[in-house]
Amino acid sequence: MKRTFIYIMMVAAFSACGHRVSTADSAEADSAYIDSTKVDSVVAEVKPALLIDTIRIERSDSMAEVSMNIQWPTGGNEALVKSVRQFICDICGIKDKEFKGTKADFKDIVDVEYNGLVESWNGTYEDGDGPSFTSAAEVEQLVEMPAFVTFYGEHSSYTGGAHGMAGHVGKTFRKSDGKVIGYETDYDDHFNIVRKGDNLLKDMKSPKLYALIKAGVLSYFKACGQAMKDDAELADYLQVDDINRIPLPANAPYFSKTGVVFCYTQYEIAPYAAGIITFEIPYSKISPFLTNEAKELIP
């Protein structure tokens, strides 16, 4: 069965400013598999809603490097487990509805991806001299609060060229029934983003919400040492029609412990050099723009 990694509606530099630093332990291997580590749950402020098995697998040599670091739910509320597992499968491009998530299952994915990269590498570097092609996927529970859990996924790859590519996405799940709090996106006939099933935000065209988003973008650049001196410089840098109406990100914002995190895909509103534009709006400021369904989850 063919399984390949996919990018979740984003293309980004894995090392760019704005990339969330992973807390997982790193490991090295030479054409070997790294065993998974059993854990009871991610550290949380409340009684854990999920039991999690952290699966770490890596296969590498001079031609290709493939790694996975996945926190896979093995128990808990059935609806929540199913919803989170689907998110992980989406990150990893797993289409098999009967996928069980065992170490052997994930090893199969790594093998398929590794073999594909080796074949591509051999076709690219016929003289046998070139940098390794890489593929890495990581999904972890980012935060757990009384009413919700948020998972965060990353997927990066390098298959030649000037730089690699990566995807980053967070998703918030209601603990009681596993329902996703956010929105889905699609594209219309003119390739404009269309948001569907939004249970996160209301009054999305409010000037006050646009002002919060603009302030968040500015704070991101300032934190990266690239503070914009005025609106003219920001307008010249961003790839949007109006800096006072910066569109919502294609991937729905997600909940942290203290606020709602906005994460824009590479190239979505700025050039590649901008990195992954990420910022948090505190609950106290964004609460007026949240739906009642979303506000019920706020700590």
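The values are calculated or read from the model by the stated rules, or taken from the named source; none is laboratory data. If you're wondering where the values come from, they're calculated on a predicted model, not measured in any experiment. Because the Cβ atoms are built from the backbone with ideal geometry, glycine has one as well, and the counts that use them run over all protein chains shown. Side chains are part of the model used for accessible areas, which takes the heavy atoms of the whole protein and leaves out ligands, DNA and RNA. Shrake-Rupley method; radii C 1.70, N 1.55, O 1.52, S 1.80 Å.
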### Message
I'd like to compare 201-209, 60-68, 164-172: which one has the highest average count of other Cβ atoms within 10 Å, and what's the full order after that?
### Response
164-172, 60-68, 201-209
### Summary
For K100 and K205, extending 7 Å from Cα along the Cα-Cβ vector and measuring point to point gives, in nm, a value of 5.2
### Contour minus Cα-Cα distance for K285 and K179 (0.36 nm per residue)
35.8 nm
### Task
May I ask you to give the solvent-accessible area per residue for the stretch 73-168, in square angstrom, as obtained with a 1.4 angstrom probe?
43
### Task
Give me the distance in nm between label points sitting 7 Å out from Cα along the Cα-to-Cβ direction at K82 and D108, one decimal.
2.2
### Summary
Cβ-Cβ cut-off under 12 Å around G216, Lys and Arg +1, Asp and Glu -1: the net charge is +2
### Message
Given points 7 Å out from each Cα along the Cα-Cβ axis, report the C224 to V240 separation in nanometres with one decimal.
### Response
1.4
### the stretch 161-299 - percent of accessible surface contributed by carbon and sulfur, probe 1.4 Å
52
### Summary
Mean Cβ-within-10 Å packing, highest first, puts peptides 118-124, 278-284, 147-153, 74-80 in the order 147-153, 278-284, 74-80, 118-124
